[in-house]
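Read-outs throughout are calculated quantities, based only on the coordinates presented, and are distinct from any laboratory measurement. Because the structure is predicted, anything quoted here is derived from the model rather than measured. All Cβ positions, glycine included, derive from the backbone under ideal geometry; neighbour counts span all protein chains shown.
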Amino acid sequence: MRPKAVLGLLIPLAFAALFVRLGVWQFSRHEERKAWNAAIATRLAEAPAPFDALPADSGAVRGRRVSLAGRFRYDLEQVQAGRVSEGSPGVHLLTPLERAGTDTLVVVVRGWVYSPDARQVDRARWREADSVALAGYALPLPADGAAPPADSAAPLRVLTRAALQSRLGRPVSPVQVVMTSDSAARADSVPRRLGPPELGPGSHLSYAIQWFAFATIAVAGGLLLFRRALAAGRAAS
């Protein structure tokens with residue numbers, strides 16, 4: 001048996017082993033995603049808890065339903081650009097909430113409004129009450145990231161705590177709240193409330209199937225080349 005033929009078989013088999021390992025890893029990621037989605041779904045089904053009762057762990061915050069009260073600071077309101085709803089361009093309105101007894105603002109995502117360029121919007125049109133008691137679900141706010149635009153009037157694209165604090169000039173909570181109270185159809189002057197976070201399965205399972213398919217191809221191709229090499233060796237001898 002020619003060493004070259006053996007080597008030609010071992011290389012595809014080594015790749016096949018690698019592909020199988022990657023497929024198993026993606027499958028484990030798929031199972032982790034399922035467990036994570038189940039945990040978030042459970043949190044979203046619970047009754048709202050007071051905002052101050054949220055756990056400190058950012059991973060344990062995501063998706064928890066909360067209630068809080070305070071005063072909307074429309075003068076500090078920010079716009080997040082490039083938000084799409086049902087195929088239409090728009091923005092999210094980010095309204096800081098001021099609470100009694102603390103100077104830390106909670107950024108509330110009040111909802112989506114239409115904007116032709118997905119950047120500019122008449123914020124005054126979308127004002128609601130000043131003093132509110134609202135419910136929603138919590139999302140961690142990343143500490144830092146891309147710097148905000150130098151123009152303080154320009155909309156934000158990436159939300160970070162550092163960017164918001166530089167814009168607002170006040171401490172900002174590491175948790176933002178997506179407002180869901182009074183989410184039913186409302187008058188045109190009220191932002192469209194956002195629904196619960198999407199809990200899709202992700203692409204891990206399809207990736208796992210692809211890696212297993214690559215492993216099968218590698219084994220089949222390696223065996224085919226090995227048989228051809230043996231046949232050629234017999235013919236040469």
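Sequence-distant or interchain residues sharing an amide H contact under 5 Å with Gln176, placed H: which?
Here the answer is Leu139, Leu141, since their amide H atoms fall under 5 Å of that of Gln176.
How many angstrom lie between the C-alpha centres of segment 78-133 and segment 134-202?
What the calculation gives is 7 Å, centre to centre.
For Gln165, project a label point 7 Å along Cα to C-beta. Then give me every residue of segment 97-126 with its amide nitrogen under 13 Å of that point.
Flagged as within label range: 104-105.
Read phi for every residue in segment 37-48 and hand back ³J(HN,Hα) as whole Hz from Karplus 6.51 cos²θ - 1.76 cosθ + 1.60, θ = phi - 60°, with x for Gly and Pro.
The phi angles translate into 4, 5, 5, 5, 4, 5, 5, 5, 8, 7, 6, x Hz.
For segment 111-117, just list the computed ³J(HN,Hα) in residue order, Karplus coefficients 6.51, -1.76 and 1.60, θ = phi - 60°, integers in Hz, with x standing in for Gly and Pro.
Listing the rounded values in order: x, 9, 9, 5, 8, x, 9 Hz.
For segment 20-36, take each phi angle, set θ = phi - 60°, evaluate the Karplus expression 6.51 cos²θ - 1.76 cosθ + 1.60, and give the result in whole Hz per residue in order, putting x for glycine and proline.
For segment 20-36, the Karplus curve yields 4, 4, 5, x, 5, 5, 5, 5, 5, 5, 4, 5, 4, 5, 4, 5, 5 Hz.
Based on the Cα coordinates of segment 64-179, what is the per residue volume of their convex hull in Å³? Write out the running numbers ahead of the final one.
Values: hull volume 12.2 nm³, N = 116.
Spelled out: Cα convex hull of segment 64-179, divided by residues, is 105 Å³.
R0 = 35 Å: FRET efficiency of Glu31 with Ala135, Cβ-based, nearest 0.05?
Working: r = 32 Å, r/R0 = 0.91.
FRET efficiency, Glu31 to Ala135: 0.65.
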